[in-house]
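Down below is the structure, laid out as C-alpha cells.
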Amino acid sequence: MLSSEKYNLVSPQSEKLNYMGRIDFSDPARPEFYYAGSNVSLKFKGTSVSAVIKNHKYFNKQEIGFVIDGKEGKITFDKNDEDIVLDIAQDLKDDVHSVTLFKRQDASHYFEFAGFILNDGGEALENVPMPVRKIECYGDSVSAGAVCEATEYTASCDPENHEGVYDNAWHSYSMITARNLGAQINNIAQGGIAIFDGTGYYHAPNFIGMESVYNKLCYFPEGKKGVTDWDFSRYTPDVVLFAVGQNDPHNEGHDDFDITDPAYREKWKSAYKKIIIDLRAKYPKATFVLLLTVLCHDEEWDKAVDEIAAELNDEKITHFMYTRAGKATPGHPRLSEQYEMSEELTAYLSKMGDSIWKK
C-alpha cells in the first residue's frame, strides 16, 4: 500500500478528480473499474504523473490507456493482485497538464485505482466541470472497441491470437460520439454478449446475456465482491444507445437461433423489449436509439429491431441504421469504420436538436 507521506499521491477520494463510467465506489479509497472505457481524469501542475493500480487478470495481455495533454498512449504490464505504479509521463514542462486514465479492454480484467502520483512539488488543480450532457450505451464488442486498432485487417477477419492488444474502448463509436457531442458516457459494453443468458459468446461455458448485465455494477462473478447491482439513481442519461443483437444467433451446443422463425423472433423481441421498458421507466425523459453496427450480420436482425421500435410505440424510442449496417466487414470494425459509425450517429443525434439534452 503506497502512502501519501512517502509519495505525492492524489487520493482517489480527491475532489479534484473527475470519474466517468459505472465505477464501484463502495471503497472510496480504491474504486474499481469494470467496464471498457471507464476513466478518471486529473488536471495538475508538475513535471511527471503516474497512476497506482491493483489489477485483477482473467485472460489476454493487460493494457491500460491514457491521454496526457491530448496525446494518447497505453501501458502494458504483467503484475497482478498487488499495487503497481504505471508511469504515464516524465520530464514534462513544469506547467499545467491534463491526464485521463481509461480502461481499454472489457472483462479480461478489472482494476482498483489507488491514485495518481505527481512529482515533488506537483499540485492537483481544480478540474474542468464534467459535461452536462449524458449518454449511456449498452452494446457488445463493437461498442467496447474490440480489435479496432488492427488497422491492417480493415474490412477483413480478425487476426488470430491477438490477446486483446488491439482493443481500445476510447475509439469505439459510442465513446467517439460522446466526445463529438460534448457528453459523458457510461459504456455498458461487453464482447460476445447477446440478449439471453446461455447465448452469445460472453463468459463461457456459462454464457451471460445482457438480460443479466444491464442492471449490474460488477457483472462478472469472478470479482472479489461477486456480481453486484447498479444503483440507477447515480447516473441519468439523456440518450440511451442500445446495440445488442450481433451475437444472438449463437447458441453453444445447439442449433443456432433463427430470427426468421416466428416463435423465436417473438421470444427474442419480448426479452429485448423487457430491458428497454425497464430502462424507460428508470429514464422517463431519455431518448432511446436502437441500433446494430456495420459488422456483418443478417438483415433480419435489423428488421426485428425495427419491429421492436414500432411495437414500443414511443416517440422517444427510435431505430437507427448505419449506411453500411451489417455489410461493412466480417471482422470487428477498425478505427476507420468506428469513426465512420460515429460520424453517422453524431449526425443522427444532432438532427434531433438540443431538446434531447434538456431535462
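Derivation of every value follows stated rules applied to the coordinates shown; laboratory data play no part. Given the structure is predicted, the values throughout are model-derived calculations rather than measurements. FYI the Cβ positions are ideal-geometry reconstructions off the backbone, even for glycines, and counts take in every protein chain you see.
List of remarks:
- Over region 258-331, Cα pairs under 8 Å with separation of 6+ residues give a relative contact order of 38 percent.
- Cα-based reach from Lys285 at 14 Å (exclusive), listing aspartates and glutamates while leaving out same-chain residues under 8 positions away: Glu136, Asp238, Asp314, Glu315, Asp354
- Spatial separation of Cα centroids for region 298-332 and region 18-43, in angstrom: 32 Å
- Order of Glu300, Glu126, Glu32 - criterion: other Cβ atoms within 10 Å of each residue's Cβ, fewest first: Glu126, Glu300, Glu32
- Taking a span of 27 Å or more along the helix axis (Cα atoms) and a mean Kyte-Doolittle hydropathy of at least 1.6 as the rule, no DSSP H helix of the chain qualifies.
- With contacts taken as Cα pairs under 8 Å and at least 6 residues apart, region 133-357 reaches a relative contact order of 26 percent.
- Above-threshold pairs, the threshold being 26 Å between Cα atoms, out of Lys216/Lys303; Lys16/Lys54; Lys71/Lys327: Lys216/Lys303; Lys71/Lys327
- Global form of region 184-227, assessed from the alpha-carbon gyration tensor, a/c cut-off 1.5: oblate
- A straight Cα-to-Cα reach below 12 Å connects Lys43 with the aspartates and glutamates Glu15, Asp69, Asp95, Glu123, Glu126, residues fewer than 8 places away in its own chain not being considered.
- For region 133-206: rounded, prolate or oblate by the Cα gyration tensor [a/c cutoff 1.5]: oblate
- Entries in Lys225/Lys273; Lys224/Lys358; Lys103/Lys134 that, when Cα-Cα distance is taken, lie over 27 Å: Lys225/Lys273; Lys224/Lys358
- Think of the chain as a dipole: +1 on every Lys or Arg Cβ, -1 on every Asp or Glu Cβ, centred on the Cα centre; then among Val99, Trp170, Val147, Val99 lies furthest on the positive end.
- Note on the chain: with charges restricted to the Cβ of Lys and Arg (+1) and Asp and Glu (-1), its dipole about the Cα centre is near 1180 debye.
- Cα shape, the chain, gyration tensor, a/c 1.5 rule: prolate
- Per residue, the chain reaches -5500 deg cm²/dmol at 222 nm when only DSSP H runs of four or more residues are counted, each adding -39500 (n - 2.57).
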